[in-house]
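This report concerns only the one structure given below.
The values are calculated or read from the model by the stated rules, or taken from the named source; none is laboratory data. Treat the numbers as computed from the prediction; the structure is a model and nothing was measured. Neighbour counts run over all protein chains shown; Cβ positions are idealised from the backbone, glycine included.
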Amino acid sequence: MLKVGLTGGIASGKSVVGEMFIGLGAHLVEADRIAHSLMQPGEAVYNEVVRHFGGGILNADGSVNRGKLAEMAFGPPGTDPASSRIAELNRIVHPAVIRSQEEWMQAIGLQNPDGVAVVEAALLIEAGAAKRFDRLIVVTCKTEQRAERFAARQKIDLESARREVSRRMAAQLPDEEKIRVADYVIDNSGSLDATRQQVQEVWQNLHNAPR
């Protein structure tokens, strides 16, 4: 089985690209969904996050309010990334997410030894997980496109989206650094058809790669 990491900055279009790979026959898991499940009440990660960040991040039913957690982790607009608490949050969440990813890939390998298992994760490189994969794909697009897509996704105005995208990008590696360690780069700045063509070309390479 081929283990593939799929990453890229905020609102670059990783999920769109991931869906295209699924359509071609890949198995895929999203690190964000894993993290969400690990932050359910009763989970060890949930307990640690609440211990570090306090009950103010919780909804009335005890579940984590991800918006409030993000605000507390990233700090108010204008916060220097070096003084934010995002690294503290990542130290709690990342190891458990990586373990879960490894278990998932192991299960896929038993189920489909000749398959392609894709892990989609925004902070895959930042979490130190890149070496766990046989191939690494980076999705990129223009900064203004990120803001437009984020605004549409979160249903907020464009200026607010620009500030939030800028704040979150400051906590991630620049695209240039991600591209340097990538095996494949998919430019999601153009049309969906253009992106799909790149995905198909990468898939052909992955499909033919030695297991």
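The table below gives the values:
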{"read-out": "Identity of the residue in the stretch 136-179, touching a strand residue (DSSP E or B) at 6+ places or on another chain (Cβ under 8 Å) and either among the aliphatic types (A, V, I, L, M) or free of Cβ contacts under 8 Å to residues at least 12 places away in the same chain (or both), that ends up surrounded by the fewest Cβ atoms within 10 Å (Cβ to Cβ)", "value": "179"}
{"read-out": "Selection from the stretch 33-60 of residues that are of a type outside the set (Gly, Ala, Ser) and in a loop (DSSP other than H, G, I, E, B)", "value": "39, 40, 41, 43, 59"}
{"read-out": "Given (1) of a type outside the set (Lys, Arg); (2) modelled with pLDDT of 95 or more; (3) more than 15 Å from the chain's Cα centre (by Cα); (4) under 24 Å from residue 181 (Cβ atoms), number of the condition residue 110 does not satisfy", "value": "(4)"}
{"read-out": "Residues satisfying the stated conditions in the stretch 106-122, i.e. in a loop (DSSP other than H, G, I, E, B), among the small types (Gly, Ala, Ser) and more than 29 Å from residue 89 (Cα to Cα)", "value": "115"}
{"read-out": "Complete set of residues in the stretch 123-135 that are crowded, with 18+ Cβ neighbours inside 10 Å and either assigned to a loop (DSSP other than H, G, I, E, B) or without any contact (Cβ under 8 Å) to a residue 12 or more places away in the chain (or both)", "value": "123, 124, 125, 126, 127, 129, 133"}
{"read-out": "From 41, 113, residue being more than 18 Å from residue 169 (Cβ to Cβ), in contact with a Lys or Arg (Cβ under 8 Å, 6 or more places away or on another chain) and of a type outside the set (Phe, Trp, Tyr)", "value": "113"}
{"read-out": "Residue list for the stretch 152-167, filter: within 15 Å of residue 142 (Cα to Cα) and under 16 Å from the mean Cα position of the chain (by Cα)", "value": "165"}
{"read-out": "Search result, residues across the stretch 38-53 that are surrounded by 12 or more Cβ atoms within 10 Å (Cβ to Cβ) and of a type outside the set (A, V, I, L, M, F, W, C)", "value": "40, 41, 43, 46, 47, 48, 52"}
{"read-out": "Check on residue 117, small (Gly, Ala, Ser) and more than 18 Å from residue 27 (Cβ to Cβ)", "value": "no"}
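Okay, residues lined up against (1) touching a Pro at 6+ places or on another chain (Cβ under 6 Å); (2) modelled with pLDDT under 95; (3) of a type in the set (Lys, Arg):
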residue: 162; (1), (2), (3): no, yes, yes
residue: 167; (1), (2), (3): no, yes, yes
residue: 172; (1), (2), (3): no, yes, no
residue: 178; (1), (2), (3): no, no, yes
residue: 181; (1), (2), (3): no, no, no
residue: 193; (1), (2), (3): no, no, no
residue: 202; (1), (2), (3): no, no, no
residue: 207; (1), (2), (3): no, yes, no
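Rundown of residues vs (1) crowded, with 17+ Cβ neighbours inside 10 Å; (2) among the charged types (D, E, K, R); (3) under 26 Å from residue 47 (Cβ atoms); (4) in contact (Cβ under 8 Å) with a residue 12 or more places away in the chain, yes/no style:
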{"position": "67", "(1), (2), (3), (4)": "no, no, yes, no"}
{"position": "71", "(1), (2), (3), (4)": "no, yes, yes, no"}
{"position": "80", "(1), (2), (3), (4)": "no, yes, no, no"}
{"position": "91", "(1), (2), (3), (4)": "no, yes, yes, no"}
{"position": "97", "(1), (2), (3), (4)": "yes, no, yes, yes"}
{"position": "103", "(1), (2), (3), (4)": "no, yes, yes, no"}
